[in-house]
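Here is the structure we will look at, set down as structure tokens.
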């Protein structure tokens, strides 16, 4: 992966495959403590203790099309390489929470990259799932909650052209207001 | 901050225009591989370009969706086009630019862009 936002897309796709109907993505940039925190939480099928123990092993996967599963190992390694940490909590029937903490100024930290594109892709392709995205930068934050959008839109779908264009602008404008265009 | 008022205005404008999306039998499915291999090779801009172009061109008979890994990781990003009554077409090593060509030629005019298909790319 070339940017962390792609890892987020990949890990959130695990939540999609786990049949989640609500996925929360939280990004926090905090210069004082020099860290970047990414949390992905879902209410999908969850994992058993046995699966959880194996999920960080690249040679474990539940898929049948290939014998390796690199999504979680890539994300974990990206965090560990920056002196950060990585944890997964999961319980069957309740969901999964992935927390990755990165050393913000560490030379090996990948750029966060185009998070808005990741969120936009997730929302417009998985219109049956609700997303709550929070982006926090040194205490300033904005959020995008598709449940809020849906209550306004009624039966107008999130992938309708005018709506998806609005979502894109909403993300770009609000992020700019929060971080003044200073991308990490 | 961008306001939710704008979203209300969109809703008012669009109400009554809904229900136009067909789920008929001639529906064309465009599927993009979005597993780790696809994403790492650049599937995100390919998927976004496809869904935006399909909407911009008003192709109501085309549905753009994602799938996991189909086991051809070295040829990602992969786009498959499934049209009822026709053979599946698999495009490999796609980019956003190639995706626009596929929309223009394949989805709109029905002409397969042979040079990007798996048969041409791997011989």
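Rule-based calculations on the coordinates, nothing more; no lab input. Treat the numbers as computed from the prediction; the structure is a model and nothing was measured. Cβ sites come from the backbone with ideal geometry, for glycine too, and all protein chains shown count toward neighbours.
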Zero-based 10 Å bins, Cα pair distances in region B:27-118, whole percents = 19, 57, 24, 1
The protein assembly as shown - share of DSSP beta bridges that are antiparallel (%, nearest 5) | 75 percent
To the nearest 10 degrees, how steep is helix B:43-56 against the longest Cα principal axis of chain B, on a 0 to 90 scale?
-> 50 degrees
When B:37, B:73, A:45 are ordered from fewest to most other Cβ atoms inside 10 Å of their Cβ, what list results?
-> A:45, B:73, B:37
Using alpha-carbon positions, the gyration tensor of chain A gives root eigenvalues a ≥ b ≥ c; with a/c under 1.5 called rounded, otherwise prolate if a/b exceeds b/c, else oblate, the class is oblate
Sorting A:89, A:24, B:5 on the 10 Å Cβ count, fewest up front, what's the list?
-> B:5, A:89, A:24
Quick calc, residue A:51 & residue B:97: beta-carbon distance into FRET formula, R0 45 Å, rounding 0.05, result 0.65
What is the Å³ per residue value for the convex hull set by the Cα atoms of region A:96-147?
-> 114 Å³
Using alpha carbon centers only, region A:125-184 is separated from region A:56-106 by a whole-angstrom value of 25 Å
With viscosity set to 0.890 mPa s and temperature to 25 °C, compute the Stokes-Einstein D of the protein assembly as shown, Rh being the Kirkwood radius across alpha carbon pairs; µm²/s, no decimals.
-> 120 µm²/s
Taking neighbour counts of Cβ atoms within 10 Å as a proxy for exposure, in what order, fewest first, do A:121, B:90 appear?
-> B:90, A:121
By how many nm would the segment from residue B:15 to residue B:82 grow when fully extended, if each residue of separation counts as 0.36 nm and the alpha-carbon distance is taken off?
-> 21.0 nm
